[in-house]
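J.: Sharing a structure with you now.
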Amino acid sequence: MINRWFIFLILFLVNLSCKASDDTVSEADDPKKLKKVVWDKSTLRKIAPLEGRKLSYAGYPRIKSLGDGRIVAVYEAAGNVELIQSSDKGKTWSSPQVVFSSFEYSKGTLKTRVNMSNPEFIALSNGHWAMACNYRPSMAEISPYAIAIRRSMDEGKMWEDIQVVFEAHPRFGDGCWEPAFLQLPNKDIHIYFANEKPYTNSDEQEISYIQSKDNGETWGDAKMVSFRTHRRDGMPVPVIAGNEILVAIEDNKQGQFKPYIVRTSLQTPWEIPVIGDTNKRNNALANPLSDETYAGAPYIMRLPSGEIMMSYQTTRNRTNDWEKSTMDVAIGDKEGKNFRILDQPFQVPLDREAKWGSISLWDQHTIVATVASNLDGGTIAVWMILGTIK
């Protein structure tokens with residue numbers, strides 16, 4: 001009898017210990033504590049091109065709230081980069097302002113059209129605005145792929161001349177891509193981008209960044225953020241979480257691209273680049289997708305409560321054609337780990353797409369997701385939807 005009660009006591013204590021351990025797990029391991037997003041289908045709308053305007057393509061959108069009721073959206077527009085604004089919660093938008101225009105570049109007798117791609121926008125702490133884009137020449141060996149920026153001191157009324165802040169080679173296989181801004185608490189500005197320039201004899205690619213210490217007037221040389229031998233780290237988007245800088249990237253370590261996070265100290269950014277597999281690189285998803293499932297073009301943001309939210313484009317629950325991807329949204333913990341897939345905010349038929357999207361904070365309780373999509377059966381256009389954080 002004593003032995004039986006002793007066994008019961010041991011089992012009871014083990015059970016208590018397990019419960020205590022469960023109480024200390026991260027929020028991302030406890031579904032009861034995880035936040036959710038409820039998407040409001042009534043807010044689904046096409047915001048570019050505006051009604052009645054014909055445009056062959058509008059895509060790669062980014063929407064940012066300025067915190068005073070104004071919303072800014074930037075996107076590719078058939079070779080140009082445009083900016084629109086809304087002051088009524090996205091119900092109506094201003095006429096588009098072309099910030100970067102495609103142009104013809106001549107090199108001797110050779111000529112090529114240079115298109116503007118991959119726009120990004122940031123409102124700096126001093127009130128100035130900055131936009132970045134990617135120069136993409138139509139023909140090889142004439143004009144370099146490049147990262148360029150423009151600044152505005154009066155909230156978009158006037159824009160300074162274009163600054164080309166980084167140049168790669170004049171060919172598709174050795175270019176540079178997808179700039180993304182980050183401003184640090186000390187006011188330094190970073191631009192992160194995918195960089196093929198160092199790898200002219202391979203198909204490899206690294207994530208690089210450049211830094212400005214004078215509000216974007218001048219920029220330093222490119223430095224490595226992350227690299228995986230024989231692979232292609234790509235499409236970086238940064239965010240600050242606590243005392244770290246997190247950068248979401250796509251990583252094709254094995255099989256199709258998957259979202260990963262690389263990280264560094266906020267005080268000494270990227271003193272040691274993230275090379276291959278280290279404790280500074282982690283697969284973002286707590287439950288990894290199959291090797292055959294594509295999940296690329298990640299984007300991240302920080303919720304007011306501290307958790308990190310991520311979007312990416314994926315073939316999950318769709319066909320194997322990555323061109324027909326749609327957006328997944330996932331939520332992680334405050335360290336940017338253990339992301340759990342929430343859902344797909346854009347309901348897109350399997351023969352259509354919703355790609356090159358982003359998410360950002362609309363207000364303290366709402367996020368906005370935006371994609372380039374033909375969900376209505378028309379041409380590729382910019383669509384948005386709002387979701388309430390629960």
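The values are calculated or read from the model by the stated rules, or taken from the named source; none is laboratory data. All values derive from a computational prediction rather than experimental measurement. A quick note on method: Cβ atoms are made from the backbone with ideal geometry, for glycine too, and the neighbour counts reach across all protein chains shown.
A quick yes/no check of all residues on (1) more than 24 Å from P236 (Cβ to Cβ); (2) surrounded by 17 or more Cβ atoms within 10 Å (Cβ to Cβ); (3) among the β-branched types (V, I, T):
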residue	(1), (2), (3)
R62	no, yes, no
T92	yes, no, yes
S102	yes, yes, no
E155	yes, no, no
M158	yes, no, no
D161	yes, no, no
R171	no, no, no
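J.: I'm trying to understand the selection: among the residues of segment 56-78, which are under 16 Å from the mean Cα position of the chain (by Cα) and more than 18 Å from D363 (Cα to Cα)?
T.: G59, Y60, P61, V74, Y75, E76
J.: Scan (1) out of contact with any Asp or Glu (no Cβ under 7 Å at 6 or more places or on another chain); (2) within 12 Å of G216 (Cβ to Cβ) for the single condition A132 breaks and write down its number.
T.: (1)
J.: Can you tell me how many residues in segment 183-218 are of a type in the set (A, V, I, L, M, F, W, C) and over 22 Å from the mean Cα position of the chain (by Cα)?
T.: As a first pass, look at segment 183-218 and keep what is of a type in the set (A, V, I, L, M, F, W, C): 184, 189, 191, 193-194, 207, 210.
Narrowing the set further to residues that are over 22 Å from the mean Cα position of the chain (by Cα) leaves none.
Going through segment 183-218 one residue at a time, the tally reaches 0.
J.: Scanning segment 249-285 for residues that are of a type in the set (D, E) and buried (at least 18 other Cβ atoms within 10 Å of the Cβ), which turns out farthest from R228 (Cα to Cα)?
T.: Start the filter on segment 249-285 by keeping residues that are of a type in the set (D, E), which leaves 250-251, 271, 277.
Going one step further and asking which of them are buried (at least 18 other Cβ atoms within 10 Å of the Cβ), we end up with 250-251.
Details: E250: 11, D251: 8 Å.
Among those residues, the one meeting the criterion is E250.
J.: Looking at segment 88-119 only, could you name the residues that are within 24 Å of the chain's Cα centre (by Cα), hydroxyl-bearing (S, T, Y) and within 26 Å of D363 (Cβ to Cβ)?
T.: Across segment 88-119, there are no qualifying residues.
J.: Hey, another quick one. Is it true that some residue in segment 316-331 is under 14 Å from the mean Cα position of the chain (by Cα) and of a type in the set (F, W, Y)?
T.: For segment 316-331, residues under 14 Å from the mean Cα position of the chain (by Cα) and of a type in the set (F, W, Y): absent.
J.: Which pairs do you get when a residue that is within 17 Å of N195 (Cβ to Cβ) and without any contact (Cβ under 8 Å) to a residue 40 or more places away in the chain, found in segment 241-262, comes within reach of a residue that is in a strand (DSSP E or B) and of a type in the set (A, V, I, L, M), reach meaning Cβ atoms under 6 angstrom, with the pair 6+ apart or on two chains?
T.: From segment 241-262, the pairs are Y260/I249.
J.: Residue by residue through segment 51-107, note down the ones that are touching a residue at least 40 places away in the same chain (Cβ under 8 Å), outside any strand (DSSP E or B) and under 14 Å from W129 (Cα atoms).
T.: Hit for segment 51-107 is L66, nothing else.
J.: Would you confirm whether any residue within segment 202-214 is under 17 Å from P144 (Cα atoms), assigned to a loop (DSSP other than H, G, I, E, B) and not basic (K, R)?
T.: No, the conditions are met nowhere in segment 202-214.
J.: Something else now. Would you confirm whether or not segment 180-190 contains a residue that is crowded, with 18+ Cβ neighbours inside 10 Å and without any contact (Cβ under 8 Å) to a residue 40 or more places away in the chain?
T.: Taking segment 180-190 as the starting set, the residues that turn out to be crowded, with 18+ Cβ neighbours inside 10 Å are 180-183, 189-190.
Within this subset, residues satisfying the condition of being without any contact (Cβ under 8 Å) to a residue 40 or more places away in the chain are none.
For segment 180-190, residues crowded, with 18+ Cβ neighbours inside 10 Å and without any contact (Cβ under 8 Å) to a residue 40 or more places away in the chain: absent.
J.: Now for a separate question. Looking at (1) modelled with pLDDT under 95; (2) over 20 Å from A58 (Cα atoms); (3) among the charged types (D, E, K, R), can you tell me which one K91 breaks?
T.: Just one mismatch for K91, condition (2).
J.: Something else about it: Assess whether F339 counts as being of a type outside the set (S, T, Y), closer than 18 Å to F227 by Cβ and touching a strand residue (DSSP E or B) at 6+ places or on another chain (Cβ under 8 Å). Walk me through it before giving the result.
T.: On the way: of a type outside the set (S, T, Y): yes; closer than 18 Å to F227 by Cβ: no; touching a strand residue (DSSP E or B) at 6+ places or on another chain (Cβ under 8 Å): yes.
The answer is no for F339.
J.: Search segment 269-291 for residues that are of a type outside the set (A, V, I, L, M) and pair each with any residue that is surrounded by 11 or more Cβ atoms within 10 Å (Cβ to Cβ) and in a loop (DSSP other than H, G, I, E, B) when their beta-carbon atoms are under 7 Å apart and the residues are at least 6 apart or on different chains.
T.: Hits for this filter: G276/R228; N282/K337; D291/G255; D291/Q256.
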